[in-house]
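Encoded as structure tokens, the structure appears first; notes follow it.
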Amino acid sequence: MVYTTLLELYRIPELVPVEITILRGARRLRFSSSLRKKYSDFSPKIWNILAKLGYKKYLQKIYIGIEADFPLALPYYQLPIVIGILEATGMLQTNTSLYFTGKFLANYQLSLPKYTHGHQEVPQISTVAIQEAETIESLLHHLHTTPLPFSPPTFDLQEFFPGVIFQNGLISINKTPLPILKKIPQDTYTKQGFYLSYRARLVDPKKLSFLKELGKIRLTLSQKACSCELIPCICTETEKQLYKQQLHELHELTL
């Protein structure tokens, strides 16, 4: 089994398997619905890579699937798809599952997303250290000679959350523009933590209305007695009442 990471805009990276099924029949690649829209044009490159590596079994149908409830658009599943096909056709044999994430450039060299290595090893999954612009032949050589235990990588979320402002490692409701917040899918709001500071000002009513439409979210609140930063406090009673009302509504939304 080959694993990869779902890397999509405004979604939290998630470890998933790449499922490859080989059947007899006329040579053909078929993709699951999540891959079909963006990966059909990748088929010729897959056949070229396989041919370069010595693939001769042309009377095979190859079904490629990555389970997702939404279309996958980014190209970082190209490498794990190729590795999965090599394993499924018997061209690559290992004693463990494998993990890869990456894409092929126009010259067939590899390009990787930005990430840092994790510290907790998963010994039943193997991978290799890949250099930017490495070739698939070099990668397979390292896999046979110097495999490494897989450690879940930490990806640079800023690459996959354009326009989003992070604060204390969480998405800032205050600082991220509302049009950007609206691009974030519902499942991200339930999985990823969000940060909202009450130390500077009341919440933008439009943002509060938007959050209420989402329902329950993971929200970290940073608050003080009122929304005023001045001592002595100059907030009016009306402002204080509005502050308490907003705070109550936000607590109601928090998981």
Note to self: Just to confirm my filter: which helices (runs of 4 or more DSSP H) fall fully inside region 1-118 and include at least 3 residues that are touching a helix residue (DSSP H, G or I) at 6+ places or on another chain (Cβ under 9 Å)?
What the structure shows: 43-52, 78-88
Next item on the list: Consider only pairs whose beta carbons are under 9 Å apart and that are at least six residues apart or on different chains; among these, list those whose first residue lies in region 121-145 and is on the phi > 0 side of the Ramachandran plot and whose second residue is buried (at least 18 other Cβ atoms within 10 Å of the Cβ).
Entry: Ala133/Leu110
Checklist line | Complete set of residues in region 75-96 that are more than 24 Å from Phe161 (Cβ to Cβ) and either modelled with pLDDT of 95 or more or not polar (S, T, N, Q) (or both) | finding: Ile81, Val82, Ile83, Gly84, Ile85, Leu86, Glu87, Ala88, Gly90, Met91, Leu92
Next item on the list: State whether the residues of region 128-150 include one that is closer than 30 Å to Leu196 by Cβ and touching a Leu at 6+ places or on another chain (Cβ under 9 Å).
Entry: no
Check: Is there a residue being closer than 29 Å to Thr21 by Cβ, among the charged types (D, E, K, R) and open to solvent by 50 Å² or more (accessible area, probe 1.4 Å) anywhere in region 95-108?
Finding: yes
Notebook entry, point to check: When you look at Ala88, is it aliphatic (A, V, I, L, M), surrounded by fewer than 18 Cβ atoms within 10 Å (Cβ to Cβ) and out of contact with any Gly (no Cβ under 8 Å at 6 or more places or on another chain), yes or no?
Noted result: no
Notebook entry, point to check: Do we find a residue being surrounded by 14 or more Cβ atoms within 10 Å (Cβ to Cβ), farther than 16 Å from Leu250 by Cβ, of a type in the set (A, V, I, L, M) and in contact (Cβ under 8 Å) with a residue 40 or more places away in the chain anywhere in region 207-214?
Noted result: no
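Matching residues to (1) in contact with a helix residue (DSSP H, G or I) (Cβ under 6 Å, 6 or more places away or on another chain); (2) of a type in the set (Gly, Ala, Ser); (3) more than 24 Å from Leu242 (Cα to Cα); (4) at pLDDT 90 or above:
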position: Leu157; (1), (2), (3), (4): no, no, yes, no
position: Gly163; (1), (2), (3), (4): yes, yes, yes, yes
position: Lys175; (1), (2), (3), (4): no, no, no, yes
position: Leu178; (1), (2), (3), (4): yes, no, no, yes
position: Gly193; (1), (2), (3), (4): no, yes, yes, no
position: Ile217; (1), (2), (3), (4): yes, no, no, no
position: Thr220; (1), (2), (3), (4): no, no, no, no
Checklist line | Residues within region 57-85 that are closer than 16 Å to Arg28 by Cβ and either surrounded by 14 or more Cβ atoms within 10 Å (Cβ to Cβ) or β-branched (Val, Ile, Thr) (or both), tallied | finding: 8
Checklist line | Members of region 10-56 that are under 20 Å from the mean Cα position of the chain (by Cα) and either over 23 Å from Phe70 (Cα atoms) or surrounded by fewer than 15 Cβ atoms within 10 Å (Cβ to Cβ) (or both) | finding: Glu14, Ser33, Arg36, Lys37
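The values are calculated or read from the model by the stated rules, or taken from the named source; none is laboratory data. Since the model is a prediction, treat every value here as computed from it, not as a measurement. Every residue, glycine as well, gets a Cβ built from its backbone with ideal geometry; the counts of neighbours run over all protein chains shown. Remember, those area values only see protein heavy atoms, side chains included, never the ligands or the DNA or RNA. Shrake-Rupley method; radii C 1.70, N 1.55, O 1.52, S 1.80 Å.
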